[in-house]
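Structure first, then comments.
The values are calculated or read from the model by the stated rules, or taken from the named source; none is laboratory data. Owing to the predicted nature of the structure, the values given are computational and were not obtained by experimental measurement. Heads up, the Cβs are rebuilt from the backbone with ideal geometry, glycines too, and the neighbour counts pull from every protein chain shown. Protein only, heavy atoms only, side chains kept; ligands, DNA and RNA dropped before computing areas. Shrake-Rupley method; radii C 1.70, N 1.55, O 1.52, S 1.80 Å.
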Amino acid sequence: MRKIVKFIDGINEVIGKITSILVFVLLFVVVFEVVRRKVFNSPTMWAFELSYMLYAVMFLMGFGYTLKHKMHIGIDVIYSRLSKKTQGILELITFVIFFLPFTLVAIKSTWTFMIQSWQGLEHSQSPWAPPVYPFKTFMPIAFFLLLLQGISEAIKSFYKIKGEEIE
């Protein structure tokens, strides 16, 4: 079980760090567009769409990494006062009742969106009309990585209930 946790955590750590590089690409695109628009009064058709596509990829691919580092929103007022064993039980219950069904539905629905997009070779409605289907591929991948990280966190909760901590 510890090897599974280490493997899943490692995947999301690497993907999170690789994804963080997109910040620089996004920054370049946005600065380029701002300079073109404000300094040269010559906006581009592509920069806005590319910027929101890059942002979407960054956002999506950061799901698992964010969960791994416990950076999702949580309410710690009550949780932090509970014993480690009770925290672990609560984490496992919420995993089964909320997290697991949510991620499975998200994977299924985004998979459908992705397949439809690829079948129609979907393009944006803008004058630039970039292909959208490659970007929609990131949706089910991101939710699958989130599911994997959730499984890792559930295993950690199981160990917490037993009185052991694994990181």
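Could you check how many percent of all C-alpha pairs in the chain are farther apart than 19 Å? So the portion of pairs separated by more than 19 Å is 65 percent.
Between MET45, MET61, MET114, the residue with the greatest mean-square fluctuation in the GNM of the chain (Cα pairs under 10 Å linked by springs) is MET45. Here region 107-164 is treated with +1 on each Lys and Arg Cβ and -1 on each Asp and Glu Cβ, and its dipole about the Cα centre works out to around 200 debye.
To the nearest 10, the accessible area of VAL25 is 60 Å² with a 1.4 Å probe.
Here region 19-132 exposes an accessible surface that is 73 percent carbon and sulfur, computed with a 1.4 Å probe and the other protein chains kept in place.
Close amide H partners of SER124, meaning residues 5 or more places away or on another chain with modelled amide H under 5 Å apart, are VAL132.
I want the local charge near GLY64. Using Cβ-Cβ distances under 11 Å, sum +1 for each Lys or Arg and -1 for each Asp or Glu among the other residues. Cβ neighbours under 11 Å give a net charge of -2. The ellipsoid equivalent to the alpha-carbon distribution of region 70-141 has semi-axes of 39, 14, 7 angstrom, derived from the gyration tensor eigenvalues as √(5λ) and listed largest first.
Positive-end ranking of PHE144, PRO130, LEU82 along the dipole of the chain, with charges on Cβ about the Cα centre, is headed by LEU82. Across region 41-46, coupling constants 3J(HN,Hα) worked out from phi with the 6.51/-1.76/1.60 Karplus curve, θ = phi - 60°, read 6, 9, x, 9, 7, 9 Hz, and Gly and Pro carry x.
Find the centroid of the Cα atoms in region 81-130 and in region 27-66, then give the distance between the two in whole Å. Computed from Cα coordinates, the inter-centre distance equals 24 Å. Taking THR86, THR103, THR66 as the candidate residues, the one with maximal mean-square fluctuation in a Gaussian network model of the chain, Cα springs under 10 Å, is THR86. Count the net charge of all other residues whose Cβ sits under 15 Å from the Cβ of PHE98, scoring Lys and Arg as +1 and Asp and Glu as -1. Charge balance in the 15 Å sphere: -2.
Taken over region 109-167, the percentage of Cα pairs per 10 Å bin, counting from 0 up to the bin with the maximum distance, is 22, 30, 19, 15, 11, 3. Looking at the chain, the accessible area is 65 square angstrom per residue; that uses a 1.4 Å probe and ignores ligands, DNA and RNA. Here the sum of -39500 (n - 2.57) over DSSP H runs of 4 or more residues, divided by the residues of the chain, equals -22000 deg cm²/dmol at 222 nm, to the nearest 500. Net charge dipole, the chain: roughly 320 debye, given to the nearest 20, about the Cα centre with Cβ charges of +1 for Lys and Arg and -1 for Asp and Glu. Pairs of Cα atoms in region 1-91 fall into 10 Å distance bins, from 0 up to the last occupied one, in shares of 14, 29, 25, 17, 10, 5, 0 percent.
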